[in-house]
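The values are calculated or read from the model by the stated rules, or taken from the named source; none is laboratory data. All figures in this text were calculated on a predicted structure; none of them were measured in a lab. Neighbour counts are summed over all protein chains in view; Cβ atoms, including those assigned to glycine, are modelled from backbone coordinates with ideal geometry.
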Amino acid sequence: MAATMKDSDTQVTFEDQQKINRFARTNARLMDLKEELTSKEKQLENLTDAEDELMMAEGDDEHWCTYQIGEVLVEMTGEEAQSALEVAKETCQGEIDSLKAQADGYKQTLSDLKTQLYAKFGTNINLDLDDES
């Protein structure tokens with residue numbers, strides 16, 4: 001993200017500088033959020049894969065499997081593991097939805113600030129994001 005000014009007669013007021021700073025902070029938060037979102041989506045994919053593997057492994061009603069909770073491995077029945085995976089998937093999906101909503105809020109803030117700053121400075125300021133997604 002670049003927020004640079006070209007030579008111009010337009011004066012940068014304290015409020016303008018605050019908007020530019022807010023734009024930079026919000027953009028940095030959005031980039032961090034996107035990384036966290038990618039991580040959570042990968043975690044959800046891994047949980048789905050584990051659930052699929054568990055379904056394929058079910059042959060008898062009393063098979064045992066190892067389930068990782070944090071740093072600890074726990075032995076549980078396939079049914080218990082299936083329930084734990086469903087809860088973990090629901091939690092992960094909720095976190096993903098929350099992160100996406102937060103990202104949308106950041107994007108709206110960035111859009112509003114870009115509009116305000118471009119209205120005042122025109123092409124004398126560059127607020128183009130490195131990652132426009």
**Request:** Any chance you could count how many residues in segment 7-63 are modelled with pLDDT under 85, farther than 30 Å from GLN116 by Cβ, charged (D, E, K, R) and out of contact with any helix residue (DSSP H, G or I) (no Cβ under 7 Å at 6 or more places or on another chain)?
**Result:** 3
**Request:** Please verify whether segment 109-125 includes one or more residues that are within 30 Å of ALA57 (Cα to Cα) and of a type outside the set (Phe, Trp, Tyr).
**Result:** no
**Asked** Among the residues of segment 35-53, is any surrounded by 16 or more Cβ atoms within 10 Å (Cβ to Cβ), under 22 Å from the mean Cα position of the chain (by Cα) and in contact (Cβ under 8 Å) with a residue 60 or more places away in the chain?
**Response** yes
